[in-house]
Structure formats: structure tokens, C-alpha cells
Amino acid sequence: MRRLSSKWLRLKLFRKNTLFFLLFWVFCWIFGNTFLYVHRSLFSDRCTDEESKKILTRLCYDYTDGAVTGDLCEDLCVTHKLVYEHCLYYHPGKKVIQANWHGSLIILKSKTDTFSKFTAPVLSEGVDTQTISDAELLVMVAVEIKNVLGLDLANNTIMPIMAERRKRQNWRIELASMWSLFQQEEYLIFSLLQDFSRHVLHVIGTCGHFYAVEFLSVGHSWKQSLFNLEEVVGQCKSGHKRLNALLDIAVSFLDMVHQFDNDFSHRLHLCDVKPENFAIRNDLTVVAIDMDMAFFEPKMRNILEQKCTSDKDCNFFDCFSTCDLKTYTCGAQRENNNLQVICDKIFRHWFSTNIMQSANSFPLQAELHRAVQECAQSSNNEKPLTELYKLFRASQKQLQDINV
């Protein structure tokens, strides 16, 4: 009987140990796979100097082989007046590299790492790039811009983009390089708007599929003031001085919203509003530096007009629409607006009661806080815009009076 009990006990312990081992093995398997998945997701496209230098080396190989060209290629690949500094962002759909050009910082950007990933221009059968007429070229470019931005542009808008390159001898290579740039929405927006708006980055030059833009002080979500004001306007030890600088930047945000809504042939929608996507110049002008998620009205309507079962299906990042439950289709009209999102994601942080109290109180503090909260909830654009303009300017006047 004792032998049976002993055997039964050993069998029971064996089963328990086996079960424990199996559970432990399953846990380790799940944990290991989860860790690998997260690691691959977060770090497979991690920004490294080694990978970034390889990207630029391949670009210079293409330049040496006569596959690409651009006004910055010589400085990057031959004279080395354009020198790599470090990688800023490396992810599918975005490569951003900081470089030094003639002693000044610039940013190199491209949608992909290699030139070969872009499609070549499709020419009519028998047509050579050297003999293609201006009319045929205009049609090609217009179609490409229509595909990328959803815009029908006039000839006098398109021609300046390529006029200088058209005169050069290596036009075939120029066209191929230009075509890789035309397939990048952000490059097109910067190029089309830089002569019309202070609120977009200036394109400095190009090499193959990479384009260089100005280096500016970028916003940071972890900073209380979002922007590093010390880099731009010097030391801001006074709370009132910092708040006055923030009010200047806030007014510039309003100027940008008004321009993007009214000054172009179509409204420009910002669908990814966060501090990291904006920068400021030395005069505190706000600049949109990441416009991969910026869309003109025609393309915005195409993006929003999708099948749906609820309003949640009609949310495209910061651009919202509503679901028609009769047709199960999202409305093509955006329901919120640029100002509402900026009030919610930028101004609400700035003009919270805690931050403003740190600058000492002033008479319009509570009213400004209320106006920002209402703006973040309002789908109306004009009334909150006008009210905020008045309050920002009045607040600055009050701060000046306090400091006198």
C-alpha cells in the first residue's frame, strides 16, 4: 500500500513538474516572440550613422555612374563641401539626414533610400528625352503632379519647376532625377509653395532623389514651451518674456492656418499635427517641416470618401469625417479643421493654467485659457481665429504694460 502511495505521489509530482515545465516553456515562447516582434518593429529601421552613410555612398555611386544628377551632387560626392553629420530619422517612407554645407547646417530628405525604387518617366514610343517637346513634357509633369497631389496645375506654375534643368546637356539624367523628386509629395508641396508662403521649408538643392532643406529649431513634445526658445531668441529667464515669445509663435500659427485655408487655389489640410512637425525661424515664424500628411482639398476628399460602418472608420489621423449609415460611405468633406487641431494639440498645452501661472498672472489669462479650450472643441474656423488673434495681441500689450 505504501509502495502504491509512493508511486502515486511520484506520478503526481511528475505531472505537476511536467505541467509547470510546459507552462514555463509556453510563457518563454510567447515572451520571446513578443520581444522579437517589438524589437523588429522599433529597431529594424533604427536611424544609424552606418546605414545613413551607406545611403549617401550609394547615391554618389549613382552620380559617378551617370544615373542621377543635381546641383548638390558635386559638393556631396566630389568636393565634399557637403558633409554628413548624423541621421535624424530613418523609417519606411522617410529618410532624414543632417549635413553641413559650406559651414551651415542643412537637412537631406527622401522618401526612400535608393534611387532605383522610384519609377522612371514613361515616354511615348519612339520619343527621346532630348527631342521631347515642351508641350509633351508639360503634359507628363501635369499628369504626375495630378497623381501625387491631386492638383490640376496651370502651365505657368509647372514650368518654373523644371525650366532651368531643361536647358542642360544631360537632360535625360536630369529628367530621371527630377522624376524621382516628383514622386515625393512633400518635395512637390515645398517646391510649389516656397515662393508663396513663409510657413513651408525652403528647398536649397537636390541630388538624385534627395532634396536639401533649411535647418530650423524643431518642436519637442517633451519641452514645456515646445520650442527651444533659447536657440532662437537667446536667454528667456523672465516668465513674461517667454510667454511673449510664445504669443508671437501662436500668432504665426494663426497666420499659417489662415494662409493654408485661404491663399491657395485649394485648401491645404494638415492631418498630422504635433510639435515635431513644426519649427520656428529666428523671427519666430512657424514653419511646417513635415508635410507627408498634408493634402490639398481634392486629394483630401478622395482620402476621406471611403467605406465605413461608423464615424471611427472615417478618421484619417487628425482629419475627420462622418459615416453616412444609409450609404455606408464616409463624407468627402472634412468635419474638423486645421485650427481646431492646433488648438487641441499645441495651444491647449501652451495656454494651460499651470503654464501661464508660472509666468505670473495677467488680466486676460483666464479668458485666453477659455478661448483655447473652446477653439479645440469648435468646428467653426473664422470666429475662433478672429477671437484668438485679438486675445493674443491684447495679451502681449498687457505683458508690455506690466514690464514698463
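The values are calculated or read from the model by the stated rules, or taken from the named source; none is laboratory data. Remember, predicted model here, so these are calculated numbers, not experimental data. Cβ sites come from the backbone with ideal geometry, for glycine too, and all protein chains shown count toward neighbours. Ligands, DNA and RNA are stripped out before the accessible areas are found, and what is left, the full protein with its side chains, is counted by its heavy atoms. Shrake-Rupley method; radii C 1.70, N 1.55, O 1.52, S 1.80 Å.
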Next item on the list: Return the subset of LYS111/LYS345; LYS95/LYS274; LYS345/LYS390; LYS312/LYS345; LYS117/LYS146; LYS94/LYS274 for which the Cα-Cα distance in this structure is over 23 Å, preserving the input order.
Entry: LYS111/LYS345
Next item on the list: Quote the accessible area belonging to TYR211 in square angstrom, nearest 10, computed with a 1.4 Å probe and with ligands, DNA and RNA left uncounted.
Entry: 0
Note to self: Going by Cα centres, the stretch 311-328 and the stretch 62-112 are how many Å apart?
What the structure shows: 40
Notebook entry, point to check: Once you list every other residue whose beta carbon is under 12 Å from the beta carbon of ASN277, what net charge do they have if Lys and Arg are +1 and Asp and Glu are -1?
Noted result: -3
Note to self: Give me the Å³ per residue figure for the convex hull around the C-alpha atoms of the stretch 281-397.
What the structure shows: 132
Checklist line | For VAL200, residues with placed amide H under 5 Å, excluding near neighbours | finding: ALA288
